[in-house]
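S.K.: One structure, pasted below without further comment.
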Amino acid sequence: MAVSALTGHGDPDLLGLLPGTVSPDRVALVGLHEWTDDDFPNIAAWGIRSFSPDQLRESGQPLLDWLAATGCSRVAMHFDVDTVDSNEIVLGLGAVPCGLTSHEVRRIVADVTAAADVVGLTIAEFFPGRSCTSSRSSRASRSSPSTEPRTDTNPAGTFPRPARASLHSSPTAGMSGG
């Protein structure tokens with residue numbers, strides 16, 4: 001997890017190349033809904049705050065309360081698109097249901113933007129054309145229409161707006177969606 005290096009945990013040679021790190025108590029992971037067993041002990045031991053999709057479905061207030069408690073006024077956001085519920089749309093390599101909806105992501109970002117100065121935004125794990133697994137399958141799909149539903153489109157037309165995404169924080173605050 002890249003957040004380990006961001007918070008100063010990991011290979012000392014790699015950490016020595018970084019211009020700085022962020023205190024783990026200034027990093028929040030927002031919208032994570034699929035973890036591996038080795039993630040949990042590190043998150044707890046390092047003191048990183050985590051907010052599940054269910055904690056933020058109705059309101060971003062728990063996140064805003066955490067942000068206010070840090071005293072941070074500037075925030076860098078990092079948005080992993082796999083935090084978006086795959087039942088709505090699959091934007092990344094993984095298809096994991098029960099994530100945040102695109103509406104919830106936009107609301108959370110708007111809430112944070114109203115509470116702090118957003119000084120950076122990155123978007124990660126976006127994988128356009130996820131349904132094309134090889135050039136052979138691409139050629140086949142162009143030459144004859146498929147009866148299979150496409151998994152790389154959203155029939156409702158409600159794609160999350162990349163410019164308004166989830167969270168990760170900087171030396172001033174810490175939030176990550178992914």
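The values are calculated or read from the model by the stated rules, or taken from the named source; none is laboratory data. Because the structure is predicted, anything quoted here is derived from the model rather than measured. Ideal geometry is used to build each Cβ from the backbone, glycine not excepted, and the neighbour counts take in all protein chains shown.
S.K.: Kindly provide the set of residues from region 62-100 that are modelled with pLDDT under 90, in contact with an Asp or Glu (Cβ under 8 Å, 6 or more places away or on another chain) and part of a helix (DSSP H, G or I), ordered by number.
M.R.: Of everything in region 62-100, those that are modelled with pLDDT under 90, in contact with an Asp or Glu (Cβ under 8 Å, 6 or more places away or on another chain) and part of a helix (DSSP H, G or I) turn out to be 81, 82.
S.K.: Out of the residues in region 65-92 that are under 17 Å from the mean Cα position of the chain (by Cα) and among the β-branched types (Val, Ile, Thr), which is surrounded by the most Cβ atoms within 10 Å (Cβ to Cβ)?
M.R.: Selected residue: 83.
S.K.: With out of contact with any Ser or Thr (no Cβ under 8 Å at 6 or more places or on another chain) and within 20 Å of residue 118 (Cβ to Cβ) as the only criterion, which of 26, 57, 74, 49 stands out?
M.R.: Testing whether each residue is out of contact with any Ser or Thr (no Cβ under 8 Å at 6 or more places or on another chain) and within 20 Å of residue 118 (Cβ to Cβ) leaves just 49.
S.K.: For the condition in contact with a helix residue (DSSP H, G or I) (Cβ under 6 Å, 6 or more places away or on another chain) and of a type in the set (S, T, N, Q), what is the one hit in 7, 83, 21?
M.R.: Checking each option against the conditions leaves just 7.
S.K.: Name every residue in region 95-109 that is out of contact with any helix residue (DSSP H, G or I) (no Cβ under 8 Å at 6 or more places or on another chain) and either touching a residue at least 40 places away in the same chain (Cβ under 8 Å) or over 13 Å from residue 34 (Cβ atoms) (or both), in order of residue number.
M.R.: 95, 101, 102, 103, 106, 107, 109
S.K.: Can you find, within region 40-64, the residue that is surrounded by the most Cβ atoms within 10 Å (Cβ to Cβ) among those that are of a type outside the set (Val, Ile, Thr), under 14 Å from residue 7 (Cα atoms) and in contact (Cβ under 8 Å) with a residue 24 or more places away in the chain?
M.R.: 49
S.K.: Still on this structure: Name the residue, out of 124, 116, 76, 110, that is more than 24 Å from residue 2 (Cβ to Cβ) and aliphatic (A, V, I, L, M).
M.R.: Of the residues listed, the single one that is more than 24 Å from residue 2 (Cβ to Cβ) and aliphatic (A, V, I, L, M) is 110.
S.K.: Step by step: first the residues of region 1-25, then only those that are surrounded by 15 or more Cβ atoms within 10 Å (Cβ to Cβ) and within 16 Å of the chain's Cα centre (by Cα), then the one that is farthest from residue 71 (Cα to Cα). Which residue is that?
M.R.: Among those residues, the one meeting the criterion is 1.
S.K.: If I go through region 78-94 residue by residue, how many of them are out of contact with any Gly (no Cβ under 6 Å at 6 or more places or on another chain) and either among the acidic types (Asp, Glu) or touching a residue at least 40 places away in the same chain (Cβ under 8 Å) (or both)?
M.R.: Counting residues in region 78-94 that are out of contact with any Gly (no Cβ under 6 Å at 6 or more places or on another chain) and either among the acidic types (Asp, Glu) or touching a residue at least 40 places away in the same chain (Cβ under 8 Å) (or both) gives 6.
S.K.: Give me a count of the residues in region 11-49 that are under 23 Å from residue 100 (Cβ atoms) and in a loop (DSSP other than H, G, I, E, B).
M.R.: Matching residues across region 11-49 total 10.
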